[in-house]
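For reference, the structure discussed in these notes is given below.
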Amino acid sequence: MFAVFSFKGKQYKVVEDQEIRVDLIDSPEEKKIVFDDVLLLSDNKNVVVGNPKVDGASVEAEVLGEVANDKVSILKFHAKKRYKRTLGHTQHYTLVKISKIKSNEK
C-alpha cells in the first residue's frame, strides 16, 4: 500500500517504514506527526483518489530529527568589471519515518 500526501505545498509518495525528508517542522519536541492531506491511496487492487482529499485517510509518522542538505554555493560574476560575490546556503529538513497509513475503508 502506498499513499500520496501534501505537506507545506509539496507532495510525497510514501510506503510504510520509509524514511523521507520533509520541510522543517517548527516544533521538534513532537515525536509523532499526522499528515491529514492524503490525496491518493493505493493497494495492489484498489486506487482511491481524493477530491481533493481522501476522507478519513491519514499518514502517521515518527520524527527522527533534523538533517541538513549539502551546501549550495552561489557565485555572481561580471566579466571585466572586477566584480565577484560568493554566497552559500544550507537547507534544513526534518527526517520522518512513516509508521502507518490509515484508510477509512477498513
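In table form, for the structure just shown:
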{"item": "Residue check, residue 48 part of a strand (DSSP E or B) and either touching a strand residue (DSSP E or B) at 6+ places or on another chain (Cβ under 8 Å) or not acidic (Asp, Glu) (or both)", "result": "yes"}
{"item": "Search result, residues across segment 41-97 that are open to solvent by 90 Å² or more (accessible area, probe 1.4 Å) and in contact with a Gly (Cβ under 7 Å, 6 or more places away or on another chain)", "result": "71, 73"}
{"item": "Of all residues making up segment 20-40, the number that are surrounded by 15 or more Cβ atoms within 10 Å (Cβ to Cβ) and outside any loop (DSSP other than H, G, I, E, B)", "result": "8"}
{"item": "Qualifying residue in segment 82-91 (condition: over 17 Å from the mean Cα position of the chain (by Cα) and either under 30 Å from residue 53 (Cβ atoms) or touching a residue at least 60 places away in the same chain (Cβ under 8 Å) (or both))", "result": "no"}
{"item": "Wholly enclosed strands (runs of 3 or more DSSP E) of segment 57-106 bearing at least 3 residues among the charged types (D, E, K, R) and under 30 Å from residue 40 (Cα atoms)", "result": "58-68, 92-102"}
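The values are calculated or read from the model by the stated rules, or taken from the named source; none is laboratory data. Just so it is clear, the model here is predicted, and its values are computed rather than measured. FYI the Cβ positions are ideal-geometry reconstructions off the backbone, even for glycines, and counts take in every protein chain you see. To get the accessible areas, we keep the full protein, side chains included, count just its heavy atoms, and leave off ligands, DNA and RNA. Shrake-Rupley method; radii C 1.70, N 1.55, O 1.52, S 1.80 Å.
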